[in-house]
Amino acid sequence: MSSKPRRMFGTSEMASCMKVMRVLQSYLDGEIDDVTARRVRNHLEACRRCGLEAATYREIKASLARKAGGRPDPDAVERLLLFGASLGQEPPDGHG
């Protein structure tokens, strides 16, 4: 993980659901720049679907931390990251 926050969006204030899903895990981990974080936060407040997705991720992360005594299992974290990344991708058949 880089120590420099990443900037993910262009100039539009409200990010699309697809853009938010691509950076949601980084946002929750505090790994994006302040401007992008503000845009994601605004989107999560306005979009019920994405807000629920973020809440789910937060609960999964908290549950993993509780189960591992504060330190989540690295394999479980990797699987969660891969799952999160897959949510922002188009299905192979182009439907979705």
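The values are calculated or read from the model by the stated rules, or taken from the named source; none is laboratory data. A quick note: this is a predicted structure, and the numbers were derived from the prediction, not measured. Cβ sites come from the backbone with ideal geometry, for glycine too, and all protein chains shown count toward neighbours.
Might you let me know whether region 22-33 holds any residue that is modelled with pLDDT of 85 or more, among the polar types (S, T, N, Q) and surrounded by fewer than 16 Cβ atoms within 10 Å (Cβ to Cβ)? No, that holds for no residue. Residues that are surrounded by 14 or more Cβ atoms within 10 Å (Cβ to Cβ), part of a helix (DSSP H, G or I) and either modelled with pLDDT of 75 or more or touching a helix residue (DSSP H, G or I) at 6+ places or on another chain (Cβ under 7 Å) (or both): does region 71-78 have at least one? For region 71-78, residues surrounded by 14 or more Cβ atoms within 10 Å (Cβ to Cβ), part of a helix (DSSP H, G or I) and either modelled with pLDDT of 75 or more or touching a helix residue (DSSP H, G or I) at 6+ places or on another chain (Cβ under 7 Å) (or both): present.
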